[in-house]
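Step one of this worksheet: look at the structure below.
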Amino acid sequence: MRPGVSLALLLTGCFSTQLLPGQTLNLPTANHALFEKNGMERFFTPTAGRTWESGTFGCVRGEGWQLHEGIDILCTQRDKHGEPTDPILATADGTVSYFNPHAALSNYGKYIVLQHTVDGLEVFSLYAHLSEINAALKTGQRIRAGEVIGIMGRTSNTRERITTDRAHLHFELNLFLNEHFSDWYKKNLPGERNDHGIWNGQNMAGMDLRLILLQQARLGTNFNLLHFVRNQTELCRVLVRKTNFSFLQRYQPLVWQNPVASRDGIVAYEVSLDYSGLPFKLVPRAESELQAIKGHAKFTLLSVNEKEERNCPCRKLVTQKTGHWALGQHGIQLLELLTW
């Protein structure tokens, strides 16, 4: 886009970037350096004074102790004042779930959430720090892959502002945790504001988009997002003594079959979490399978992948107490939200 071209002018024509053939998810900007040799430094926006890795997903902030839930994509186009002008494109066909036009109300600044169904899995893409949102967008509206939904910016309500040299798109792909989030938030975080209802970022569990996009590029039409999600590395496995939480219905493809529980009745679920808190495997259990588990606690930690915890400790889902592993405060809070 030429410097000074507005979103309104963009929408009068057809804007497209190169879409990967056979892919389900596409890059949301014209920056394709992710797929180029030695292109990472031209694709990811690092935090001040850090390398490009700090713009990726995971335990890449705060010396490895702070989770970054998305990827930060560098701008490629600026106006005469140095402000970013990159059009932001829908990553896939979907529906507008939510948009926040008020920068001061979120760390995300102005942001958009789109809903998609990919390989039978419901996922939500999030586009943050926008300078403009397409004024024609309406909640529930159908969106086509590659459609312009906004313009890159650097909006946020954080104390440390995003400088022009770090202008970027913060891009996420998430699972949705609980449709009753607003009620959970009101009860568990009394007195704290929630300006975005169920579309608060705390209600979404992120996935590593760098790995997804690179695996898509490598596998082409053989890539399957559901397979990718179901094969995350397990950080911990927890027995949850509840059987009717909404995540089970929304994400049936992540619920595994268990003939014993199907025959004898389901009394609990084993939930596998990755280091970022993504629930990627849920196995129903019958009472007869739980004889070795003492008590009837709401949540029972069954196992911890200690190597994964050493490598990726930033979410603090588990902790060591007097020589044994236990769920940490953040782990309990996540499970409370998941099963509310």
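The values are calculated or read from the model by the stated rules, or taken from the named source; none is laboratory data. Remember, it's a predicted structure, so these values are computed and weren't measured experimentally. Note that we place each Cβ from the backbone using ideal geometry, even for glycine, and neighbour counts take in every protein chain shown. The protein model used for the area step is the full one, side chains on, heavy atoms only, and it has no ligands, DNA or RNA in it. Shrake-Rupley method; radii C 1.70, N 1.55, O 1.52, S 1.80 Å.
Quick check: from the Cα gyration tensor, does region 162-202 come out rounded (a/c under 1.5), prolate or oblate?
Because a/c hits 1.5 or more and a/b fails to exceed b/c, region 162-202 counts as oblate.
In angstroms, what radius of gyration and Dmax does region 74-113 have, counting Cα atoms only?
12.6, 34
Sorted from largest down, what three extents in whole angstroms do the Cα atoms of region 176-320 have along their principal axes?
Sorted from largest, the Cα extents of region 176-320 read 45, 44, 33 Å.
Taking only DSSP H segments of four or more residues, each worth -39500 (n - 2.57), what value at 222 nm results for the chain once the sum is divided by all its residues, to the nearest 500 deg cm²/dmol?
Taking each H run of at least 4 residues, the total per residue is -4500 deg cm²/dmol.
What's log10 of I(q)/I(0) for region 89-239 at q = 0.10 Å⁻¹, Debye sum over Cα points only, no solvent?
Calculated log10 I(q)/I(0) at the listed q: -0.40.
Compute a Gaussian network model of the chain, connecting alpha carbons closer than 10 Å, and tell me which residue from 293, 266, 149 fluctuates the most.
293
Cα extents of the chain along the three principal axes, largest first, in whole Å?
For the chain, the Cα spread along each principal axis is 68, 44, 39 Å.
Please report the Cα spread of region 51-135 along all three principal axes, rounded to whole Å, starting with the longest.
36, 36, 26
Please give the per residue accessible area of region 149-229, computed with a probe of 1.4 Å over protein heavy atoms only, in Å².
46
Putting +1 on Lys and Arg Cβ atoms and -1 on Asp and Glu Cβ atoms, find which of 200, 24, 326 reaches farthest to the positive end of the dipole of the chain.
326
Ignoring ligands, DNA and RNA, how do 303, 272 rank by accessible area with a 1.4 Å probe, largest first? Kindly include the intermediate steps, with their values, before the conclusion.
Values: 303 30, 272 5 Å².
These residues rank, largest area first, as 303, 272.
State the percentage of accessible surface on the chain attributable to carbon and sulfur atoms; use a 1.4 Å probe and exclude ligands, DNA and RNA.
49
For region 293-340, what does the alpha-carbon gyration tensor say about shape, rounded, prolate or oblate, given a ≥ b ≥ c as the root eigenvalues, a/c under 1.5 as rounded, and a/b over b/c as prolate? Write out the running numbers ahead of the final one.
Numbers: a/c = 2.13, a/b = 1.26, b/c = 1.70.
It comes out oblate by the Cα gyration axes.
In percent, what relative contact order does the chain have, based on Cα pairs under 8 Å that are 6 or more apart in sequence? Before the final figure, lay out each step's value.
Details: 725 pairs, mean separation 53.1, N = 340.
Relative contact order for the chain comes out at 16 percent.
Could you sort out which of 186/298; 187/281; 110/307 sit more than 30 Å apart by Cα distance in this structure?
Details: 186/298 21 Å; 187/281 27 Å; 110/307 38 Å.
Cα-Cα > 30 Å for 110/307; rest within.
Which residue fluctuates most in the GNM of the chain (Cα springs below 10 Å): 265, 191, 201?
Top of the fluctuation ranking is 191.
Taking all pairs of different Cα atoms in region 127-181, averaging 1/r and flipping that mean, what Kirkwood radius in angstroms comes out? Let's see the in-between values first.
On the way: mean 1/r = 0.0741 Å⁻¹.
About 13.5 Å, per the Kirkwood formula over Cα pairs.
For the chain, with only Lys/Arg (+1) and Asp/Glu (-1) charged at the beta-carbon, what is the dipole magnitude about the Cα centre, in debye rounded to 20?
The dipole of the chain has a size of about 280 debye.
Across all directions of projection, what mean area in square nanometres is found for the Cα convex hull of region 171-251? Don't skip to the answer; put the middle values down first.
On the way: hull surface 29.1 nm².
Here the figure is 7.3 nm², rounded to one decimal.
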